[in-house]
Amino acid sequence: MMCFAFANAQFYYDKHGECRGAYKDSLEYSKLVGLAERFHGPILVKKPVKGVKPRKNLKKIPQKKIQRTFNVSRDTLGKENWLEVEKNEIVKLCLDNNVLAWETSLDSKILNDSCLIFQASMFIGVDTIKLYFPDSDFSQSINFANSLKYLNFHNDEIMLGFNNYDPAESKKNPLRKNEDPLRIESISGSYLVDKYPITNCEFTQLMWDKIPTKPTFTNSDRQEMALKWAYRKKNSIRNSNCIAHDSAACTIFLSQAMEYANIRSIREGLKPYYIFSETNFNEPSILSKNNYIIAYFDFTKNEDKYVQISVDSSSNGYRLPYYDEWVMLARGGDKTKKAPWGDSTATFAEAQKYAKFFSETEIFEADPVGQLLPNDYGLYDMFGLVWEHVLFEKKNPFKALKGRPSCLKGGDDQV
């Protein structure tokens with residue numbers, strides 16, 4: 001059977017990387033067994049990737065280029081277990097058991113009866129490899145967190161809020177009340193969190209169709225911003241590699257960040273989290289839990305517009321962090337200090353190990369991500385570098401923000 005027999009088909013390769021045929025539908029276990037016997041070794045099933053033509057022979061990946069190795073026990077499969085990789089990283093994956101077949105859309109090649117070499121995706125997100133063993137017709141999956149951190153909490157104590165005013169001062173002057181006081185709470189649940197801020201490459205690639213070649217804003221600031229994104233698009237190649245430590249994306253409006261989250265979900269076959277609806281409201285507000293009115297901006301419309309945002313409770317897709325979640329993640333588990341890098345007596349030099357506060361470039365540019373130390377959760381650039389949009393899930397506690405549904409966190413100044 002020719003390698004290019006079917007469009008959008010699954011192609012299968014022998015242990016030498018040679019294409020042996022294609023199937024329109026999923027390969028049944030009995031067929032995998034027959035193919036493995038016929039070609040004397042494990043089979044690699046490549047899932048189709050939109051816009052990428054299948055190869056007759058898989059490219060070789062020299063072992064000297066391997067950047068990370070995972071030795072996985074078969075007994076751990078089936079449990080929630082995430083292996084962390086970086087974008088474009090060359091990874092060696094070995095099981096403590098012979099493998100009958102591997103199934104993935106990643107660039108990969110069989111190394112031997114129990115090992116596979118693959119290259120992680122160029123985008124932040126989740127990569128999955130499915131595998132079959134000779135003695136079981138049930139598939140198992142291994143999930144890779146690509147530039148993501150997996151955090152699992154079981155009744156863990158975390159600190160929320162902040163010390164805006166000294167308690168004694170607030171007692172003397174009730175008007176200087178701490179609107180979000182420090183407090184300890186217990187949390188249970190698991191999170192997949194971006195390890196770094198979103199980069200310019202990632203935003204450009206995923207929002208490609210929404211970035212015009214020649215924007216025409218009448219507002220000079222918006223025009224300058226849009227021209228910057230148009231310039232990035234012009235100097236990029238569609239579906240080109242995004243390096244792990246590209247420059248951080250900035251000057252992104254809240255509605256654009258939400259659209260990015262939805263597009264990122266769709267790319268991975270997930271259900272988008274945010275629902276955009278028309279509205280007659282003309283100012284941002286929180287209508288109810290997870291029901292917002294926000295200003296809507298894109299790269300083409302000159303007029304100001306508002307949209308209603310609700311969430312799909314059945315979604316398994318990406319979303320922005322809520323305010324309390326961001327505070328929890330930024331602290332990195334610390335419950336005693338005023339900031340993840342130290343208390344109020346810490347030197348500026350110590351703070352600079354974790355956060356870059358002032359950019360030396362213009363307002364529409366930011367430095368590369370992940371150049372400084374991470375916090376204790378393994379998250380980079382939670383402070384400094386760029387602002388991050390965060391949502392209030394139910395209520396905005398800050399009077400100065402006049403009930404707005406979101407705020408910016410992580411930049412030079414804090415709410």
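The values are calculated or read from the model by the stated rules, or taken from the named source; none is laboratory data. Quick caveat: nothing in here was measured; it's all calculated off a predicted structure. Positions of Cβ are backbone-derived with ideal geometry, glycine not excepted, and every protein chain shown enters the neighbour counts.
Structure summary
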| item | result |
| --- | --- |
| Filtered residue count, region 362-407, keeping only those that are surrounded by 18 or more Cβ atoms within 10 Å (Cβ to Cβ), touching a His at 6+ places or on another chain (Cβ under 9 Å) and assigned to a loop (DSSP other than H, G, I, E, B) | 2 |
| Flag if VAL33 is part of a strand (DSSP E or B) and surrounded by 14 or more Cβ atoms within 10 Å (Cβ to Cβ) | no |
| From the options ALA244, ALA330, residue that is part of a helix (DSSP H, G or I), at pLDDT below 95 and not charged (D, E, K, R) | ALA330 |
| Test: residue in region 297-306 that is in contact with an Asp or Glu (Cβ under 8 Å, 6 or more places away or on another chain) and outside any loop (DSSP other than H, G, I, E, B) | yes |
| Residue under evaluation LYS305, criteria (1) in contact (Cβ under 8 Å) with a residue 40 or more places away in the chain; (2) more than 28 Å from LEU148 (Cα to Cα); (3) surrounded by fewer than 17 Cβ atoms within 10 Å (Cβ to Cβ), criterion not met | (1) |
| Residue in region 313-329 that is nearest to PHE153 (Cα to Cα), counting only those that are touching a residue at least 40 places away in the same chain (Cβ under 8 Å) and surrounded by fewer than 16 Cβ atoms within 10 Å (Cβ to Cβ) | ASN316 |
| Region 173-231, residues that are assigned to a strand (DSSP E or B) and of a type in the set (Asp, Glu) | GLU185, ASP194 |
| Unique residue being surrounded by 18 or more Cβ atoms within 10 Å (Cβ to Cβ) and either modelled with pLDDT under 90 or of a type in the set (S, T, N, Q) (or both) when the list is GLN67, GLN63, GLN119 | GLN119 |
| TYR260 being farther than 16 Å from SER406 by Cα and either assigned to a helix (DSSP H, G or I) or touching a residue at least 60 places away in the same chain (Cβ under 8 Å) (or both) | yes |
| Residue pairs meeting the criteria (Cβ under 8 Å; at least 6 apart or on separate chains; first closer than 17 Å to TYR132 by Cα, in region 66-82; second outside any strand (DSSP E or B)) | ASN71/ASP96; VAL72/ASP96; SER73/ASP96; ARG74/ASP96; ARG74/ASN97 |
| ALA22 vs. criteria farther than 27 Å from TYR196 by Cβ, in contact (Cβ under 8 Å) with a residue 40 or more places away in the chain and not assigned by TED's automatic domain parsing to the domain that holds ALA244 | no |
| Which listed residue, of LYS149, LYS177, LYS195, is modelled with pLDDT under 95 and either of a type outside the set (Ser, Thr, Tyr) or in contact with a strand residue (DSSP E or B) (Cβ under 7 Å, 6 or more places away or on another chain) (or both) | LYS177 |
| Some residue of region 77-87 being among the acidic types (Asp, Glu) and in a strand (DSSP E or B) | yes |
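To keep it simple, each residue is scored yes or no on (1) buried (at least 18 other Cβ atoms within 10 Å of the Cβ); (2) modelled with pLDDT under 90.
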position: ARG222; (1), (2): no, yes
position: ALA226; (1), (2): yes, yes
position: SER240; (1), (2): no, yes
position: THR251; (1), (2): yes, yes
position: MET258; (1), (2): yes, no
position: ARG264; (1), (2): yes, no
position: TYR274; (1), (2): yes, no
position: SER277; (1), (2): no, no
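Each row is one residue, and each column tells you yes or no for (1) in a strand (DSSP E or B); (2) modelled with pLDDT under 95; (3) surrounded by 16 or more Cβ atoms within 10 Å (Cβ to Cβ); (4) among the aliphatic types (A, V, I, L, M).
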{"residue": "ALA7", "(1), (2), (3), (4)": "no, yes, no, yes"}
{"residue": "TYR12", "(1), (2), (3), (4)": "yes, yes, yes, no"}
{"residue": "LYS15", "(1), (2), (3), (4)": "no, yes, yes, no"}
{"residue": "ARG20", "(1), (2), (3), (4)": "yes, yes, yes, no"}
